[in-house]
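**Student:** I have a structure I would like to understand better, so I am pasting it below and will then ask my questions one at a time.
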Amino acid sequence: MSTLRINNPLIEVENLRFYYGAARAIHGVDLQFPEKQVTALIGPSGCGKSTLLRCFNRMNDLVDGSRVEGKVLLAGEDIYARSTDIIELRRRVGMVFQKSNPFPKSIYENVIYGLRIGGEKNKQLLDERVESSLKGAALWDEVKDRLHENALGMSGGQMQRLCIARAIAVNPRVILMDEPCSALDPKSTARVEELIGELRKDFTIIIVTHNMQQAARVSDYTAFLFEGNLIEFGQTKQLFVTPHNKQTEDYITGRFG
Amino acid sequence: MNKPKEMNKFWRVGEPMVWVSGAALALTLLSAAILLIVIMVNGLGVFWPAELRQLELQDGSRVIGRLVRGEETADGSARRRQYKIANRDLYGLDFRWIDEARIAAESAPQQLLVLERVEHGDFYGTLQRIDAGRQQPGPATPAALQQALRLADQDLRQLSELEEKLNAASYRMEQLRLKLQKFDYRKVPADDPDRRRLEADSADLNEDFGVLIDLQSRRLSKARLSKALFVEAGGREKEIDLVDIVQAYAPNDMSTGDKVLFYGHKLVELLTGQPRESNTEGGLFPAIFGTVILIFVMSLFSFPLGVIAAVYLREYAREGLLVRIVRIAVNNLAGIPSIVYGIFGLGFFVYGIGHGIDSLFFPERSPTPTFGTGGLLWASLTLALLTVPVVIVATEEALGAIPREMREGSYALGATKFQTLYRVLLPMASPGIMTGLILAMARAAGEVAPLMITGVVKLAPALPIDGNFPFFHLDRKFMHLGFHIYDIGFQSPNVEAAKPMVFVTTLLLVLIVLLMSSVAIYLRNKMKKRYTFGTF
Amino acid sequence: MNPAFRKKIKRNDRIARWVISVGGMVIICSVVLILLLIAKVSLPLFLPPDAQLHASYRLESAGHVQAIGMDEYLETGYSIDERGQLRFFNIDDGSELDRLQLRSETGARGLVAVETYGQLHHSLLWEDGSLTIEQVKFRPAFDEADHNRRRIVHRIEQLAAFPPPATGRPLRSLARVDAEGRRTRVDLIAENRLQLQLVEIQENFLGERESREAHHELAPELSGNITALALSGNGKQLYAGTDQGELVRWDLSDAQAPARIETLQAHADRRAITALNLVFGDISLAVGGADGQLTTWFPVRSEEGGWRLTRIHELRRHAGPVLALSPSSRDKTVISLGEDGLHFDHMTSERFLLKLQPDAPLRHYQLTTRGDALIALTESGQLLSWKLRIPHPEISLGTLFGKVWYEGYDAPVHAWQSSSASDDYEPKLSLTPLIYGTLKGTFYAMLLAVPLALFGAIYTSQFARPRLREMIKPAVEIMAAIPTVIIGFLAALWLAPLIERSLGSLFLSLILVPAALMLGILLWQAARKLEPLKRVERGFEFLAVAPVIILTVAIAAALGPGLENLLFDGDLKQWLFSELGTRYDPRNCIIIAFAMGFAVIPIIFTIAEDSLSNVPPSLKAASLALGASRWQTVWRVILPSASPGIFAGSMIGFGRAVGETMIVLMATGNTAIMDLSIFNGMRPLSANIAVEIPEAPVDGSLYRTLFLSAVILFVMTFIVNTAAEIIRQRLRAKYGRF
């Protein structure tokens, strides 16, 4: 069990347990995520890494019969406290999904969706935000002439970057990425990975990935989960080069998983 | 040697069964095609001004008629033809079978006229004399006849203006009578000022009404002075008031262009005119209007109700046994016989709620029912119930087809459930919902059985919308194209003469329904293509 | 985000959740409640009748009362006592309202016996043997001076008077007067002799009215003594019963020659007949025996040709002898008095309705003309009145579904005949012929539709070219949208005459089309060797077959009349009737099979096609790869996997055919017969509802029975559809669609 302590963590997880009905999927995880760094969650399928990720913006609330115990602190506030506003939380913690999911609307409308539902009506501000978000997602040059075309006409990689633009348009502090490249071709994957490198300047990023090379390439910190337990957490370089734990070593050297 | 073997194989592998199944499909499609062809052939030809034939029979008598069809006689030895001979008031019959052997000569003289009359159906014959009343008796030419008819038409227009005034007055009188009845019921004393005023109004109206009636009868008798004398095939003379002639034309004297124009004119009359002759002639306007209003009012109920129920089932209700049972029930309700809905509408809406409304709000009118009898509102509600399952099923399927990622994407951006619903899900499901609604409307347009017991009538005295307050009269009875078909095809005294009109109505209804369902199917297919992205 | 806005959207969300949840639940519940509501309307058919004691008190001078009666408003009662006094009193407390003195024509004051019949008609036998018939009439009047309050006004009308017979006072007397003024008096005198006095009013040739009087004496040879007599309301039918169980029937319609029709042994064990009376309508006779047995009889055509009184129904038995019998004046209910109280039985339905059992034995009782209240006087002088609620005495499960022996019929039957012109007509509401009609029509429609739709679906999903399939599917769906009123109209006014004209051709094409198909396939064997033609086998077969079918039908149409001439003397319909005894209705099951089949095919087709197309292509590929032919693949692999869907489609089609209304309404004769012949029509439940409900009085038996038939339709389709739906959901779960 690693005991790496982070100074000024943005997200702190304290003894988090997660249940699907009666079955426990996460067995007491303690973790701290540094601000404006990329943290990768790795582990074999079914180890609970996506579930853990979805605890950070309470997407798991949508699952019938799920239950959370323990604490998740975002900037010192428990997001599972009664007083937490789930809407506000999700605006501070954006998310990018495994399968790109732009709405069947125009590119422009997709980007400002979060602002619209937040009640923003200022046209000028919206225009500015579209541009900055698309630029932030390195998509502006490709789509600036067809902002009002349907987003479903884009390529897979473009759609995923659009989803990222959509997430950063509401100015979150954290972006959760759930295997964002698993459905993309290598070229698109490279572009998204490049983009993640850019985004770490402004956002705290937590990325779930299946692909250890990717984790090694994009992340600063890495956490290895196995069967609902946190096995090891450390700086990526250290964890990949000199894992403390036997299981971690076995996993990253490809002996199982 | 080789051949039977190959033959055997052909049979053994079941190749003939492929052909048999192909034949089954061919039969199905052929029967549908035949149905449409029969409707088209019979419906489209009705208004074509076909040639009038003049026949000289062996016994010296003459017949003027339109050929309907020819066939072999019962013993197969000779042929006979059926002619429409019209002149119902003179002959008693509209149609006549004539053996071909009895026909001595046949011709198509140009001067033969067809008169469409207000009563007694068509008249076939020739013009003898015009007696236009105001003017000197002029020459009996077709042009003069048309001129005289135009004058008569002006008279008629004036009369119909009067008629409108009369209707408005009688409506007001009826309203006053009902108010007085209410006073009676509430035992308002005779010297109450309100009551006095009403009674004075009523007396004034009565007087006005009398004046109008008087004027009308004078105008009418004046208009009736214009007459024309016609001669039928056998030489009998018939004097007809010009105001009773809807239209006169000489089909044998018309060019193809004239005929096309005439056909178009008849189509316009069909769509905008009032029915005549117990619905077997004239226009279909009240029936079309009734059908449209019925569908409209029905959609007003079934669309929101169906969508809300489907959204509840799919988005809000917790998935479980109960929801599954409810879903089975809803799917099931789509298959419940329409007559069961009809009888429910009668028992629940008409006799239940309708009687309740009457005894609460119109006790003074009892026992005359206002809402406690079939009417547009109850028929619409019954149809809404009948079509709600269609909308629910379609909406649910459309919502269910939206990938989960769409919802998650929206929630992850901080949208509430309702925002997700109306910004993402409903727009995405809208083609499916539209499909359901259109299918529901098509079903409502063709459904007759439940209407028969909840308020449709063969001839409604007034439209459900008019200029009298409150403009929308949902308690009124109404006419409906589907019931029109049933009524004139099966309830009219002269089925043979009614047939053309039934076919025309059928054609119209088929076109409406086919158009609606084609649009629905097109929309659905388009939607299928549009949202098949992402589902690998 | 702006906190105010956040609050707003959260509030909106909560409101929406509430509105949608409540709305959704309400809509779904209300839709599901339809069955309960229609069932609720039909439920009162089966509710047991009940009686509610309205008032009970001692009637003064009750010991002398000879008859009692009551108005139908349950307000005014009256009694006739042995001094001829008619006393009207308030039903609630017995306070006297009015008092009248009745007199015989001879001036006699003492009243010996009163017999009550019809609508409060009383025939009064005076002490000197003279007789009068008095009718008590009530009508409501509205007092304008007193806020239009309703009062019940009573009136006495003397309808007839008879002088005393020459032989002196009889043992028993019956008297009737009919609408034409014909008066009949029957006196039982000693030794089983009956004296008859008949007075007929006739108009002579001068137009003057004169009465003709006739006297007869009837002396039947009987082994027992006459114990009971019954005379019909018009005085033309006379019945007598003896203490040896014999029953005698006379016809008095010819005043000059009254005739004894028959004498028969009603009770084989020679049990005494203790009470006789005619049931409403004066056709059936109710017979009460000494052991409490209660039977009804009416004349049935016998094999020898005459009409013989026959025992038809047996009603609930009394514990002791039946003391008195009286009919209801509204329906075929029989009220019988025994020592154990009053029984109410409905004759036709043989339904035991009600039993009233007061503490003391009853001396007199009388039902109101409306049949909803009863007044009775006990031996102990207690006056009792009951409100009765017997809403649907004629309906029982037996009459709805079983065979019933209706009055005037030769045998028990299933019959639906809801109305007729006459008042005393008994509606015949058996649902069996209607259910039979529904199932018959459905059967023939399914016979045509299922094979066509299934084979068509198989072809479309498995063999047709995808491009063609994309055209065929919408075409069939559009076919489903054609309103049934149009199909029904065409079936009735176009197809029915066509088939009637060319019945021979129809049957000929039934033989020729399969034959031509066979021939075509054989010829194809030779033709398919040519490469360009073989392309037809890639999904164009149905197009190639169509001309063959059209051509064959055309040949059959041309040959049909000739064949009819050759084989059936020129008229197949006549031949059917004379040789097979089958009547040919122009609107029959052939028409229904075509029309309803046409309506059902698209439904079965669509669902079956969907489930066939949903069979994973890998299965098909696997089978084909193993060398199976395309038909073998379909037959052995695809059909079994798609069978639940095909079954579901057929079920839903069945449900649709069962409930279809307009087609059957227009294209069947709507005659409620039970006959399997394909040349007859039928009357199905759905069409029956459509025809009858507009005329049915609200809350009457017919109205409720029609609702019951709607419930039956509902249940039939509900079961079928639910089964299909469950199967379909399973299928969806299996193949993961939606």
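**Student:** Only one residue in C:L665, C:L639, C:L685 is closer than 18 Å to C:S613 by Cβ and either more than 9 Å from every other protein chain (Cβ to nearest Cβ) or not polar (S, T, N, Q) (or both). Which one?
**Tutor:** Values: C:L665 fails: closer than 18 Å to C:S613 by Cβ; C:L685 fails: closer than 18 Å to C:S613 by Cβ.
Result: C:L639 is the single residue among C:L665, C:L639, C:L685 that is closer than 18 Å to C:S613 by Cβ and either more than 9 Å from every other protein chain (Cβ to nearest Cβ) or not polar (S, T, N, Q) (or both).
Conditions tested, residue by residue: (1) hydroxyl-bearing (S, T, Y); (2) touching a Gly at 6+ places or on another chain (Cβ under 8 Å); (3) within 26 Å of C:L111 (Cα to Cα).
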position	(1), (2), (3)
C:Y57	yes, yes, yes
C:G63	no, yes, yes
C:G69	no, yes, yes
C:T76	yes, no, yes
C:E96	no, no, yes
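**Student:** Suppose we filter segment C:169-185 for residues that are in a loop (DSSP other than H, G, I, E, B) and either on the phi < 0 side of the Ramachandran plot or touching a His at 6+ places or on another chain (Cβ under 8 Å) (or both); how many remain? Please lay out each step first, then the result.
**Tutor:** Initial filter on segment C:169-185 (in a loop (DSSP other than H, G, I, E, B)): C:169-171, C:178-182.
If we keep only those that are either on the phi < 0 side of the Ramachandran plot or touching a His at 6+ places or on another chain (Cβ under 8 Å) (or both) as well, we get C:169-171, C:178-180, C:182.
Total meeting the criteria: 7.
**Student:** For C:L503, state whether it is more than 9 Å from every other protein chain (Cβ to nearest Cβ), at pLDDT 75 or above, surrounded by 20 or more Cβ atoms within 10 Å (Cβ to Cβ) and within 41 Å of the chain's Cα centre (by Cα).
**Tutor:** Working: more than 9 Å from every other protein chain (Cβ to nearest Cβ): yes; at pLDDT 75 or above: yes; surrounded by 20 or more Cβ atoms within 10 Å (Cβ to Cβ): yes; within 41 Å of the chain's Cα centre (by Cα): yes.
Yes: the conditions hold for C:L503.
For every residue, the table says whether it meets (1) in contact (Cβ under 8 Å) with a residue 40 or more places away in the chain; (2) under 18 Å from C:R317 (Cβ atoms); (3) crowded, with 19+ Cβ neighbours inside 10 Å.
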| position | (1), (2), (3) |
| --- | --- |
| C:S336 | yes, yes, yes |
| C:G341 | no, yes, no |
| C:D359 | no, no, no |
| C:L367 | yes, no, yes |
| C:G371 | yes, no, yes |
| C:I375 | yes, no, yes |
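**Student:** Here is a check on your reading of the model: is B:N279 assigned to a loop (DSSP other than H, G, I, E, B) and either among the polar types (S, T, N, Q) or at pLDDT 85 or above (or both)? Quick ask: steps written out before the conclusion?
**Tutor:** Numbers: assigned to a loop (DSSP other than H, G, I, E, B): yes; either among the polar types (S, T, N, Q) or at pLDDT 85 or above (or both): yes.
Yes; evaluated as a whole, the condition is true for this residue.
**Student:** How about segment B:238-248: which of its residues are touching a Phe, Trp or Tyr at 6+ places or on another chain (Cβ under 7 Å) and either among the charged types (D, E, K, R) or without any contact (Cβ under 8 Å) to a residue 40 or more places away in the chain (or both)?
**Tutor:** Start the filter on segment B:238-248 by keeping residues that are touching a Phe, Trp or Tyr at 6+ places or on another chain (Cβ under 7 Å), which leaves B:238, B:240.
Result: B:K238, single match.
This table checks each residue for (1) at the interface with another protein chain (Cβ under 7 Å from one of its Cβ atoms); (2) surrounded by 15 or more Cβ atoms within 10 Å (Cβ to Cβ).
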| residue | (1), (2) |
| --- | --- |
| B:A32 | yes, yes |
| B:I37 | no, no |
| B:V41 | no, no |
| B:G45 | no, no |
| B:G65 | no, yes |
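Yes or no, residue by residue, for (1) among the polar types (S, T, N, Q); (2) closer than 27 Å to C:K7 by Cβ; (3) crowded, with 17+ Cβ neighbours inside 10 Å:
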residue: A:S45; (1), (2), (3): yes, no, no
residue: A:R58; (1), (2), (3): no, yes, yes
residue: A:E69; (1), (2), (3): no, no, no
residue: A:L73; (1), (2), (3): no, yes, yes
residue: A:V93; (1), (2), (3): no, yes, yes
residue: A:F97; (1), (2), (3): no, no, yes
residue: A:Y113; (1), (2), (3): no, yes, yes
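**Student:** Right, something else. Can you pull out every residue in segment A:43-67 that is of a type outside the set (S, T, Y), away from chain B (no Cβ under 13 Å) and over 15 Å from the mean Cα position of the chain (by Cα)?
**Tutor:** A:G43, A:P44, A:G46, A:C47, A:R67
**Student:** Here are the criteria: (1) over 13 Å from the mean Cα position of the chain (by Cα); (2) touching a residue at least 40 places away in the same chain (Cβ under 8 Å); (3) outside any loop (DSSP other than H, G, I, E, B). Tell me which single one A:S182 does not satisfy.
**Tutor:** Result: A:S182 fails condition (3) only.
**Student:** Oh, and also: Checking the condition at pLDDT below 85 and more than 14 Å from chain C (Cβ to nearest Cβ), which residue from B:D75, B:D99, B:D89 passes? I'd like the intermediate steps shown before the answer.
**Tutor:** Working: B:D75 fails: more than 14 Å from chain C (Cβ to nearest Cβ); B:D99 fails: at pLDDT below 85.
Answer to the check: B:D89.
**Student:** Residue check: is B:V307 buried (at least 16 other Cβ atoms within 10 Å of the Cβ), among the aliphatic types (A, V, I, L, M) and closer than 14 Å to B:V393 by Cα? Explain how you work it out, then say what you get.
**Tutor:** Details: buried (at least 16 other Cβ atoms within 10 Å of the Cβ): yes; among the aliphatic types (A, V, I, L, M): yes; closer than 14 Å to B:V393 by Cα: yes.
It is true that B:V307 is buried (at least 16 other Cβ atoms within 10 Å of the Cβ), among the aliphatic types (A, V, I, L, M) and closer than 14 Å to B:V393 by Cα.
**Student:** Among the residues of segment C:554-578, write down those that are surrounded by 18 or more Cβ atoms within 10 Å (Cβ to Cβ) and either within 9 Å of chain B (Cβ to nearest Cβ) or outside any helix (DSSP H, G or I) (or both).
**Tutor:** Across segment C:554-578, the qualifying residue is only C:P561.
**Student:** Next question. Restricted to segment A:122-148, and to residues that are among the small types (G, A, S) and assigned to a loop (DSSP other than H, G, I, E, B), which residue is farthest from A:I175 (Cα to Cα)? Explain how you work it out, then say what you get.
**Tutor:** Residues of segment A:122-148 that are among the small types (G, A, S), as a first pass: A:132-133, A:136-138.
Now narrow it down to the ones that are assigned to a loop (DSSP other than H, G, I, E, B): A:137-138.
On the way: A:A137: 13, A:A138: 16 Å.
Applying the filter and picking the extreme gives A:A138.
**Student:** Moving on to the next point. Might you check whether a residue that is within 11 Å of another protein chain (Cβ to nearest Cβ), part of a helix (DSSP H, G or I), buried (at least 24 other Cβ atoms within 10 Å of the Cβ) and under 24 Å from the mean Cα position of the chain (by Cα) occurs anywhere in segment B:471-482?
**Tutor:** Just the residues of segment B:471-482 that are within 11 Å of another protein chain (Cβ to nearest Cβ), to begin with: B:480-482.
Retained after the next criterion (residues that are part of a helix (DSSP H, G or I)): B:481-482.
Checking which are buried (at least 24 other Cβ atoms within 10 Å of the Cβ) leaves us with B:481-482.
Pick out the ones that are also under 24 Å from the mean Cα position of the chain (by Cα) and you get B:481-482.
Within segment B:471-482 (the criterion being within 11 Å of another protein chain (Cβ to nearest Cβ), part of a helix (DSSP H, G or I), buried (at least 24 other Cβ atoms within 10 Å of the Cβ) and under 24 Å from the mean Cα position of the chain (by Cα)), the answer is yes, since at least one residue qualifies.
**Student:** Tell me which residues, restricted to segment B:311-355, are over 18 Å from B:V391 (Cα atoms), of a type outside the set (A, V, I, L, M), more than 8 Å from chain C (Cβ to nearest Cβ) and touching a residue at least 12 places away in the same chain (Cβ under 8 Å).
**Tutor:** B:G345, B:F349, B:G354, B:H355
**Student:** Looking at segment C:172-199, which of its residues are among the hydrophobic types (A, V, I, L, M, F, W, C) and exposed (fewer than 14 other Cβ atoms within 10 Å of the Cβ)? Working first, answer last.
**Tutor:** Let us first name the residues in segment C:172-199 that are among the hydrophobic types (A, V, I, L, M, F, W, C), namely C:174-175, C:177, C:179, C:186, C:188-190, C:194, C:196, C:198-199.
Hits for segment C:172-199 are C:A179, C:A190.
Per-residue answers, yes or no, for (1) more than 30 Å from B:N167 (Cα to Cα); (2) among the hydroxyl-bearing types (S, T, Y); (3) not in a helix (DSSP H, G or I):
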residue: B:L399; (1), (2), (3): yes, no, no
residue: B:Y422; (1), (2), (3): yes, yes, no
residue: B:G436; (1), (2), (3): yes, no, no
residue: B:A460; (1), (2), (3): no, no, yes
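**Student:** Also, I was wondering about something else. Look through segment A:17-57, keep the residues that are polar (S, T, N, Q) and outside any strand (DSSP E or B), and return whichever of them is nearest to A:D202 (Cα to Cα). It would help to see each step written out before you state the result.
**Tutor:** Residues of segment A:17-57 that are polar (S, T, N, Q), as a first pass: A:32, A:37, A:39, A:45, A:50-51, A:57.
In the following step, the residues that additionally are outside any strand (DSSP E or B) were identified as A:37, A:45, A:50-51, A:57.
Values: A:Q37: 9, A:S45: 30, A:S50: 23, A:T51: 25, A:N57: 19 Å.
Out of the qualifying residues, it is A:Q37.
**Student:** Against the definition (over 24 Å from C:Q462 (Cβ atoms) and either under 50 Å from the mean Cα position of the chain (by Cα) or within 7 Å of chain B (Cβ to nearest Cβ) (or both)), how does C:A492 come out, yes or no? Steps first, answer last, please.
**Tutor:** Values: over 24 Å from C:Q462 (Cβ atoms): yes; either under 50 Å from the mean Cα position of the chain (by Cα) or within 7 Å of chain B (Cβ to nearest Cβ) (or both): yes.
Yes; evaluated as a whole, the condition is true for this residue.
**Student:** Output the residues belonging to segment C:597-636 that are assigned to a helix (DSSP H, G or I), within 14 Å of chain B (Cβ to nearest Cβ) and not hydrophobic (A, V, I, L, M, F, W, C). Write out each step before concluding.
**Tutor:** We begin by selecting, within segment C:597-636, every residue assigned to a helix (DSSP H, G or I); these are C:597-613, C:617-625, C:630-636.
If we keep only those that are within 14 Å of chain B (Cβ to nearest Cβ) as well, we get C:597-610, C:612-613, C:623-624, C:630-636.
Within segment C:597-636, C:G597, C:P602, C:T606, C:E609, C:D610, C:S613, C:S623, C:R630, C:Q632, C:T633, C:R636 meet the criteria.
**Student:** Looking at segment B:86-93, is at least one residue on the phi > 0 side of the Ramachandran plot and among the polar types (S, T, N, Q)? Quick ask: steps written out before the conclusion?
**Tutor:** From segment B:86-93, those on the phi > 0 side of the Ramachandran plot are B:86-87, B:92; that's our starting set.
Imposing the further condition that a residue be among the polar types (S, T, N, Q) reduces the set to B:87.
Yes; the residues of segment B:86-93 include at least one that is on the phi > 0 side of the Ramachandran plot and among the polar types (S, T, N, Q).
**Student:** Answer yes or no: is there a residue in segment C:642-649 that is surrounded by fewer than 18 Cβ atoms within 10 Å (Cβ to Cβ), more than 25 Å from C:Y444 (Cα to Cα), without any contact (Cβ under 8 Å) to a residue 12 or more places away in the chain and polar (S, T, N, Q).
**Tutor:** no
**Student:** Could you figure out which of (1) closer than 30 Å to B:A143 by Cα; (2) under 19 Å from the mean Cα position of the chain (by Cα); (3) away from chain C (no Cβ under 14 Å) isn't true of B:T256?
**Tutor:** Answer for B:T256: the failing condition is (2).
**Student:** All but one of (1) more than 9 Å from chain B (Cβ to nearest Cβ); (2) touching a residue at least 40 places away in the same chain (Cβ under 8 Å); (3) among the charged types (D, E, K, R) hold for C:D675; which doesn't?
**Tutor:** All conditions are met except number (2).
The values are calculated or read from the model by the stated rules, or taken from the named source; none is laboratory data. Everything quoted here is computed from the prediction, not taken from an experiment. As a convention, Cβ positions derive from the backbone with ideal geometry for all residues, glycine included, and neighbour counts pool all protein chains shown.
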